[in-house]
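See structure below.
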Amino acid sequence: MTISTQRGCPYTCKWCSTAVYGQSYRRRPVRLVIEEIKELKATYNPDMLWFVDDVFTVSHKWLKEFHSEILKENIHIPFECITRAERLNDDILQLLKESGCYRIWIGAESGSQAIIDAMDRRVDVQTVKEMIQKTNRIGIETGTFIMLGYPGETIADIKETITYLKEANPTHYTITIAYPIKGTGLYYEIKNKITHQPDWETSTDRDIDFERRYPRKFYDYAVRKVVNEVEYFRNLSHSRWKAYKFKIKSIAITALLKRYTK
Ligand code: SF4
């Protein structure tokens with residue numbers, strides 16, 4: 001089941017929709033959240049909870065109170081949440097684990113610091129990588145989000161993203177091709193370069209396309225390139241046969257990518 005404890009986010013990532021809640025953040029008192037969890041447990045007995053909050057560990061004070069209430073009330077429901085790397089540390093990871101957290105999504109979006117800076121994400125790629133590794137070590141699953149096709153991204157940046165994913169080694173990762181959400185900094189930046197904007201009643205912002213360094217098709221293959229390279233690496237230590245299958249696909253995709261970069 002999903003549960004929301006906060007609205008908004010104080011950070012500045014240019015592509016992220018802050019138009020709905022604004023660039024501010026409000027949090028429900030811990031007491032009310034605990035009451036809601038107890039009610040959910042009594043009524044539905046959920047297997048797990050998904051905190052839909054943008055940055056679950058944004059306030060360490062709130063999290064400490066949440067942890068102590070969870071222990072006091074003896075509520076054990078495994079949960080997953082999303083946060084930013086620099087809002088985690090050893091103590092916070094320990095509190096999360098003791099509160100029932102089994103998976104943390106830690107955003108990076110790119111393995112290239114140049115692209116992270118272009119997004120105005122205000123985080124160091126090295127910090128993200130180390131925090132994912134640390135979270136893995138403490139026994140909490142990790143997930144990370146990747147975005148390809150952000151304005152200015154080069155093939156070298158994509159290679160850095162592949163290296164970042166191999167080294168960070170998150171349990172899960174998702175890859176999106178950048179799209180401009182109306183009202184965001186990214187949207188205003190590429191507004192005059194929109195090449196495809198279908199009718200809003202029959203489409204979503206994901207369908208809007210804009211002029212990028214490479215044709216749109218390139219990015220479909222780039223996603224497959226990243227996945228096959230990373231999966232090759234991840235399988236190498238336990239199934240060489242499986243790993244080589246990914247490598248063969250990766251080599252074939254490289255040939256396809258070259259068609260779009262001539
Ligand atoms: S991507 Fe995450 S940290 Fe950045 S503005 Fe959006 S919600 Fe906040």
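Please treat every number below as a calculation from the coordinates, not as lab data. Predicted, not measured: the structure shown is a model, and the values here were computed from it. Cβ: placed from backbone, ideal geometry, glycine included. Neighbour counts: every protein chain shown.
Details
- Applying the Karplus relation 6.51 cos²θ - 1.76 cosθ + 1.60 with θ = phi - 60° to the range 213-221 yields 3J(HN,Hα) values of 4, 10, x, 4, 4, 3, 6, 4, 5 Hz, where x marks Gly and Pro.
- With contacts taken as Cα pairs under 8 Å at a separation of at least 6 residues, the range 2-178 carries a relative contact order of 19 percent.
- Helix-only arithmetic for the chain: the sum of -39500 (n - 2.57) across DSSP H runs with n ≥ 4, divided by the residue total, places the mean residue ellipticity at 222 nm at -14500 deg cm²/dmol.
- Converting phi to 3J(HN,Hα) with the Karplus coefficients 6.51, -1.76 and 1.60 and the offset θ = phi - 60°, the range 59-68 yields 10, 6, 4, 4, 5, 5, 5, 4, 4, 5 Hz in sequence order, with x at every glycine or proline.
- Label-point gap, in nm, between ARG240 and THR171 - each point 7 angstrom along Cα→Cβ: 3.0
- Between ARG84, ARG216, ARG103, the residue with the greatest mean-square fluctuation in the GNM of the chain (Cα pairs under 10 Å linked by springs) is ARG216.
- Residue among TRP200, TRP62, TRP50 with the largest mean-square fluctuation in a Gaussian network model of the chain, springs linking Cα atoms under 10 Å: TRP200
- THR2/ASP207 FRET efficiency (R0 22 Å; Cβ-Cβ; nearest 0.05): 0.30
- Among TYR214, MET131, THR202 the positive-end extreme of the charge dipole of the chain (Cβ point charges): TYR214
- Ranked list, fewest to most other Cβ atoms within 10 Å of each Cβ, for ILE92, ILE115: ILE92, ILE115
- Dividing the mean sequence gap of close Cα pairs (under 8 Å, 6+ apart) by how many residues the range 112-191 holds gives a relative contact order of 34 percent.
- Shape call, the range 9-128: gyration tensor on alpha carbons, a/c limit 1.5: prolate
- The chain: most fluctuating residue of LEU186, LEU32, LEU93 per GNM, C-alpha cutoff 10 Å: LEU32
- From the C-alpha gyration tensor of the chain, square roots of 5λ in Å: 34, 24, 16
- Dipole magnitude of the chain, debye to nearest 20 (Cβ charges: Lys/Arg +1, Asp/Glu -1, about Cα centre): 920
- Remark: the range 30-40, residue by residue, has Karplus-estimated 3J(HN,Hα) of 3, 3, 5, 5, 5, 4, 5, 4, 4, 5, 4 Hz, where x stands for each Gly or Pro and the curve is 6.51 cos²θ - 1.76 cosθ + 1.60 at θ = phi - 60°.
- If the chain linking LYS258 and TYR44 were pulled fully straight, counting 0.36 nm for each residue of separation and taking away their Cα-Cα distance, it would gain 71.8 nm.
- Prolate/oblate/rounded call for the range 214-262, Cα gyration tensor, a/c under 1.5 rounded: prolate
- Simple label model, 7 Å out from Cα along Cβ direction - ASP220 to ASN89, nm: 4.7
- Residues of type aspartates and glutamates that LYS134 reaches as a straight line, Cα spacing below 14 Å, ignoring anything fewer than 8 places off in the same chain: GLU86, ASP90, ASP91, GLU167
- Unit charges at the beta carbon, dipole of the chain: most positive-side option, ILE104, ILE70, ILE251: ILE251
- Cut-off 16 Å, label 7 Å out along Cα→Cβ of GLU36, residues of the range 79-116 by amide N: 79-82
- Close amide-amide hydrogen proximity is noted between THR142 and ILE104, THR171, HIS172, each under 5 Å apart and 5 or more residues distant or on a separate chain (H modeled in the peptide plane; Pro and chain starts excluded).
- Counting only aspartates and glutamates at least 8 places from LYS262 when in the same chain, those with an alpha carbon closer than 19 Å to its own are GLU153, ASP157, GLU211, ASP220.
- Close amide H pairs (under 5 Å, H built 1.01 Å from N) link CYS101 with PHE79, residues at least 5 positions away or on another chain.
- Isolated cysteines of the chain, defined as having no other cysteine beta carbon under 4.7 Å away, are CYS9, CYS81, CYS101.
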